[in-house]
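In what follows, a structure is listed as structure tokens, so that the remarks can point back to it.
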Amino acid sequence: MMCIRDETKALSMTPLLKGIEPSKLRCLAFASDRIIFEDGESIIEQGEDADVGFVVMNGEAEMTVDTPKGGESLGTVGLGHLIGEAAMLAGTPYFISVSAKGPVEALCIRKEHLLKLLEGCADSTSIALQSLSKRIADVEARQNEAVG
Amino acid sequence: MEQSLFRYIWTYTRRDQMWIVFIVALSMIPYYMSFDLPKQIVNGPISGIGFEQAGATVPFMRFEYDLPFVGNVVLSPGLELERLPLLVALSLAFLALVVVNGLFKVYINTYKGRLGERLLRRIRFDLVDRILRFPPNRFKSVKAGEISTMVKDEVEPMGGFTSDAFVQPAFLGGQALTALIFIFVQHVWLGLLALIMALIQVLVIPRLRQRLIVLGRERQLTARQLAGRVAEIVDGIEMIHATDTTNLVRADIATRLGRIFKIRYDIYQWKFFVKFLNNFIAQVTPFLFYLIGGYFTITGRLDVGQLVAVINAYKELPGPMKELIDWDLARQDTQVKYEQVIEQFDADVMIDASLQEVDKDAELGDDKPLEIRALTLADDTGTPLLNSTTLHFDMSETVAFVGSAGSGSDVLADAIGRVIWPSSGQIQLGEQDILRLPEAVTGRRISYSSSEGYYFSGTLEENLLFPLKNAPRVAKIYEGDDASFRNWYIDEAERSGNPLLDPEDEWIDVETLLQHTGAETLRQAVFRVLDIVELTDDIVEFALRTRLDPDKDSELAKRLVDVRVEFRDELDARNRGRVVSPFQPGAYNIEASVGENLLFGQVKGGPETLRQIVISDYFRNTLRDSGLGEMMYRAGHEIGEMAVSLMQDLPPDHVFFERMKLFPMDELSNVQRLLQRAGPNDFEMATRDDRSELMRLTAVYNESWYRFGALREVMAKKVVEVREQMQREMPDDIRELIDFYEPDQYVYAADVRENILFGKVNSRQSNAEAIIQEVGETVVTRHDDIAEAFLGLGLSYDVGSGGRRLTAVQRRKLNMARALLRRSDYYVFNRTLLGLDNDAISRIMRGALEFLREREKPPLVIWVLSNNVHASDFDRVICFDAGSVVEDSPRDEYLLRAEAS
């Protein structure tokens, strides 16, 4: 049984939340839900409203993006990765789809909680901006690659 | 209704009134005889008058009277008795008279009471009957609270007055007159004096009391307004809270109460002043007797004996006089109240009573077209809502009225539904004006449904079937005691002018209904329309939240235990067993709280019962002796520490703490102090309250929810151990408060859903709710009987006052289902599905149209739409704008034109 301590650790591993005090991360962990996905189960679907994000605690998840040619894999992510981060920050639907590759345990973070946390920390806003623009650039590059 | 209460009473209770006057007169005979007897007993056998010689006898029951002009008349010669036997005989006679007088009193009072109650019943019924016959616009100015207080409270005194309306004046008047005549016989001048004083009393006092009546009327009005206001507060409570106007309401109520107080206080002041005056006049007369009578006596014009007789006779006068005046006051008072009430129940135009007569066989389905002839509709101020409009609708047509609010489309629908009456023009079924047709025809041939329906508190099913109950079809058969009660009821209803209709009869014309819906049973017909309006899922949801009644539903409960097993198997078969963490004897359920794991069952009754269990000696001792208490205490400390450390940096009402349910947020500082006061190792030393609070924290703690890591393996094991120990040796008085989780038993204290799951939803599993929903549906739909029982359970859901326990959308769907269930020739749906999204409207509308078209003779359907999105589903489209028809064309033509523009 994993508890809040482990979740806090996982949260602090995500680039976006790296600089935030552990006590606040602990609160965020407390406010969030623990969810287990079976192998192959969808975690987020491209195009759906990004109300929540998932921090991977255990296992691996595969990212895919829909292109006119069909689904294109964008590789896998693991412990400490925040799935859906870019879409939540940008206030857009999910850019990509992510599904479990083998069983995945994740912490489901609500967008309003995430924003509330970032709002209170001056540093994190610029980190968030950087992170967001980097991600968008990444995705665009890959999409272009996929299309081209 | 009669303008005068007196005439109203006389009309309906004449015979009873005369009978009661007669009986009262008759009762006077034994009454006066019982006055005379004590004197006879004392003077005769006790003092020994007439028994001076041994063996002397005196006649018993000898009636002889000295009548003026006739002389001595002997009515009965009597029985000669000796002294002791006479004492016994006279005493027994006294006892007999006591009994007879008592019985007379019982009879008279019961009779009068019943008379009053009958009249009260009649007035109340008449009033409600008039409400049912008010024209619709009347209800815009009527306050429900005021009307109901009139029917309930204000007419109440009229019942009481009825019984005394004639008896009292006859009786008291007789008494007063007798006394007065006696005085006249003794002395004419003194008689005249008494008469004049009596006249003053009779003329002046009622005049002074006029003011009391005025005040009484004000009191009645203000009290009624208060009742109306209170009802309005309840109805408008949401707006009052939302706009922070509670204090305005307080101010208003306090002012009204102040006014009422003032009026009531004035009444007291005036009442007691008049009372003083009345007593004074009554007492002045003897003063005059003493003075003037004394003067006459001294001057020798009157002898002493006469004066004493006059004064004695006068003693008999003020009592009846006073009561007569009181009676007159009561009469005026009730008359005023009566006028005040019936004035409110008078309307210039009333629906004729003959239009509302019960009619079982109102004809249906004779293809009469619906005609709108030069119809104009206006609001209260006369502003036109619909300009003169003429339209013709054939049977079997489906017509869309398209137009925004204020375009006239909805008011025309309202007029067809008779919700508003035309200012000019007519709506006709064939050649007849719908307002002149009996409601048995219009109310059945036309089914009207709007977005605002009427829902009374009761079950969903009762609300759904209500509009089908037009006339009693099959009389309920009463047997034995019920039959005699029914006969008595019928007799009484007739005497009070109430109708003999019995709500217990079967009022639904089931045959027509089945024909109309194509279903085999009433229930199936209901399910069919519920399906069309897409309420079935909601109803199943209601069923899932129901707690079964062990007395009535034991069969279903047994079946649900089977369903529980099947549900589990199905989950396992789909390899989804993990979504529910089941209750297993001998195992700790990680998804449930420590307390629930310990109790391993549901408490019957509310939180109070739980408290009762927790504070019981048995429970406390078991926790202490087993060592679990100390473990829970320690864990409670840890949980408290963790919660406090989480919350100390952020404000306690921060969104992050929404899921914190261990203690209320404003308790945070108290918990902090508690943790300092009672250390983790102080189980024995801590005060009882502190110990309980820390143990409580553990009891409500759920490891899977809070994830503090406070649930150690050892404690979980101990909990299961103590649970099993308690289940073995728990005393009966506690045992009967708990419904334990046993895999093969139904848990009545839990709802249906909890019983099927028989475990906790594992919130960590993704999509757990959706999987449970789907598997549940699969399992339940396998068994027709259970699916039907579910719908039945859902139908017994209580919709609450005004349907407030339903959502607005559910209410509208229900309203629509009610209309569909009725077999009518014309259906009018006036924006019935307001608030639903376009797709849902489309689905339900198509379903309904299809359903109605299935009939052998399809009805006319008029549907008022807010926009033209759905217009293509109708044969004919009529567009409204600014109170006029701007387009009326068949569908294809309309669509072409719409496309072109």
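Taking beta carbons within 10 Å but only from partner chains, what does the mean come to for residues A:3-11? Intermediate values should be presented prior to the final figure.
Values: counts 8, 6, 3, 2, 1, 0, 0, 0, 0.
Per residue, the number of nearby Cβ atoms from other chains is 2 on average.
Fewest first, what order do B:98, B:563, B:700, A:98 take by the number of other Cβ atoms within 10 Å?
Final ranking by Cβ density, sparse to dense: B:98, B:700, B:563, A:98.
Normalised by the number of residues in the range B:333-487, what is the relative contact order in percent for Cα pairs under 8 Å and 6+ residues apart?
Values: 147 pairs, mean separation 39.1, N = 155.
Worked out over the range B:333-487, it gives 25 percent.
For residue B:268 and residue B:103, compute 0.36 nm times the residue count separating them, minus their Cα-Cα distance, and round to one decimal in nm. Spell out each step's value before the answer.
Details: separation 165, 0.36 × 165 = 59.40 nm, distance 3.72 nm.
So the extension gain works out to 55.7 nm.
Place the peptides B:227-239, A:26-38 in order of packing, highest mean first, counting for every residue the other Cβ atoms within 10 Å and averaging per peptide. Please report the intermediate quantities before stating the final value.
Details: B:227-239: 14.3, A:26-38: 21.5.
So the order, starting with the most tightly packed, is A:26-38, B:227-239.
For the range B:630-641, take each phi angle, set θ = phi - 60°, evaluate the Karplus expression 6.51 cos²θ - 1.76 cosθ + 1.60, and give the result in whole Hz per residue in order, putting x for glycine and proline.
Once θ is set to phi - 60°, the couplings for the range B:630-641 become 5, 4, 5, 4, 5, 4, x, 4, 4, 4, x, 4 Hz.
If you average the alpha carbon positions of the range B:226-266 and of the range B:373-424, how far apart do those two centres end up, in angstrom?
Here the answer is 38 Å between Cα centres.
I'd like the antiparallel share, as a percent to the nearest 5, of DSSP beta bridges with both residues in chain B.
65
Relative contact order for the range B:471-552: what is it in percent, counting Cα pairs under 8 Å that are at least 6 residues apart? Walk me through the numbers before you get to the answer.
Details: 44 pairs, mean separation 21.2, N = 82.
For the range B:471-552, the relative contact order is 26 percent.
On a 0 to 90 degree scale, rounded to 10, what angle separates helix B:808-821 from the longest Cα axis of chain B?
Orientation of helix B:808-821: about 80 degrees from the principal axis.
Suppose R0 equals 35 Å; then what is the FRET efficiency for residue B:80 and residue B:18 from their Cβ-Cβ distance, rounded to the nearest 0.05?
Approximately 0.25, to the nearest 0.05.
Report the trypsin sites (Lys or Arg not before Pro) located in the range B:490-571 that are in a DSSP loop and have at most 11 other Cβ atoms inside 10 Å of their Cβ, or state none.
Within the range B:490-571, the qualifying trypsin sites (Lys or Arg not before Pro) (loop, at most 11 other Cβ atoms within 10 Å) are B:552.
What ranking, highest mean first, results for peptides B:377-389, B:438-450 when packing means the other Cβ atoms within 10 Å averaged over each residue?
Result, highest mean Cβ count within 10 Å first: B:438-450, B:377-389.
Using alpha carbons only, how many degrees (0 to 90, rounded to 10) separate the axis of helix B:713-729 from the longest principal axis of chain B?
Taking Cα atoms only, the helix is inclined about 40 degrees.
Using amide H atoms built 1.01 Å from N in the peptide plane, name the residues 5+ places from residue B:762, or on other chains, whose amide H lies under 5 Å from its own.
Under 5 Å from the amide H of residue B:762: B:580, B:581.
For residue B:827, list long-range residues whose amide hydrogen, built 1.01 Å from N in the peptide plane, is under 5 Å from its own amide hydrogen.
B:447, B:860, B:861, B:862
Under a crude label model (7 Å from the Cα following the beta-carbon direction), how far is residue A:119 from residue B:475 in nanometres?
My value for the distance between the label points is 7.2 nm.
Fewest Cβ neighbours within 10 Å first, please rank B:134, B:790, B:466 accordingly.
Result, fewest neighbours first: B:466, B:134, B:790.
Return the sequence-ordered ³J(HN,Hα) values of the range B:599-615 in whole Hz as given by the Karplus equation 6.51 cos²θ - 1.76 cosθ + 1.60 applied to θ = phi - 60°, using x for Gly and Pro.
Working through the residues one at a time gives 6, 6, x, 10, 7, 6, x, x, x, 4, 5, 4, 4, 4, 5, 5, 8 Hz.
Partner chain Cβ atoms within 10 Å, averaged over the residues of A:24-34 - can you pull that number for me?
Mean shielding by partner chains, rounded to a whole number: 5.
Report the full-extension gain for the segment residue B:234 to residue B:850: residue separation times 0.36 nm, less the Cα-Cα distance, to one decimal in nm.
Gain on extension, residue B:234 to residue B:850, equals 217.6 nm.
Filter the GluC sites (Glu not before Pro) in the range B:758-866 down to the DSSP loop ones having no more than 11 other Cβ atoms within 10 Å, then list what survives.
Values: sites: B:769, B:774, B:777, B:788, B:850, B:854, B:856; in loops: B:854, B:856.
Qualifying residues, ordered by number: B:854, B:856.
Rounded to the nearest Å, what's the spacing between the alpha carbon centres of the range B:850-884 and the range B:513-548? Just the number, please.
The distance from the Cα centre of the range B:850-884 to that of the range B:513-548 comes to 25 Å.
Cα centroids of the range B:446-478 and the range B:638-717: how far apart, whole angstrom?
What the calculation gives is 53 Å, centre to centre.
Can you give me the distance in nm between label points at residue B:53 and residue B:129, each placed 7 Å from the Cα along the Cα-to-Cβ direction?
7.5
Using only Cα atoms, tell me the angle between helix B:617-626 and the longest principal axis of chain B; keep it within 0 to 90° and round to the nearest 10.
Between the helix axis and the principal axis of chain B, the angle is about 30 degrees.
Going Cα to Cα from residue B:143, which lysines come in below 20 Å? Please leave out same-chain ones fewer than 8 positions away.
Partners found: B:152, B:337.
In peptide B:764-774, how many Cβ atoms from other protein chains are near each Cβ within 10 Å, on average?
The per-residue average across the peptide is 3.
Please turn the phi angles of the range B:163-177 into ³J(HN,Hα) values with the Karplus equation 6.51 cos²θ - 1.76 cosθ + 1.60 (θ = phi - 60°), one per residue in order, whole Hz, x for glycine and proline.
Those phi angles translate into 5, 9, 4, 10, 4, 4, x, 4, 6, 5, x, x, 4, 4, 5 Hz.
Per DSSP H run of n ≥ 4, the term is -39500 (n - 2.57); total these for the protein assembly as shown, divide by its residue number, and report the mean residue ellipticity at 222 nm rounded to 500 deg cm²/dmol.
Value at 222 nm, helices only, nearest 500: -18000 deg cm²/dmol.
Where both residues lie in the protein assembly as shown, what percent of DSSP beta bridges are antiparallel, nearest 5?
On the way: 62 of 82 bridges.
Percentage antiparallel, nearest 5: 75.
Rank by packing, highest mean first: peptides B:828-837, B:741-750, with packing defined as the count of other Cβ atoms within 10 Å averaged across residues.
Going by the mean number of other Cβ atoms within 10 Å, highest first, we get B:828-837, B:741-750.
Where a number appears in this text, it was derived from the coordinates with a stated rule and is not lab data. Because the structure is a prediction, the values reported are computed rather than measured. A quick note on method: Cβ atoms are made from the backbone with ideal geometry, for glycine too, and the neighbour counts reach across all protein chains shown.
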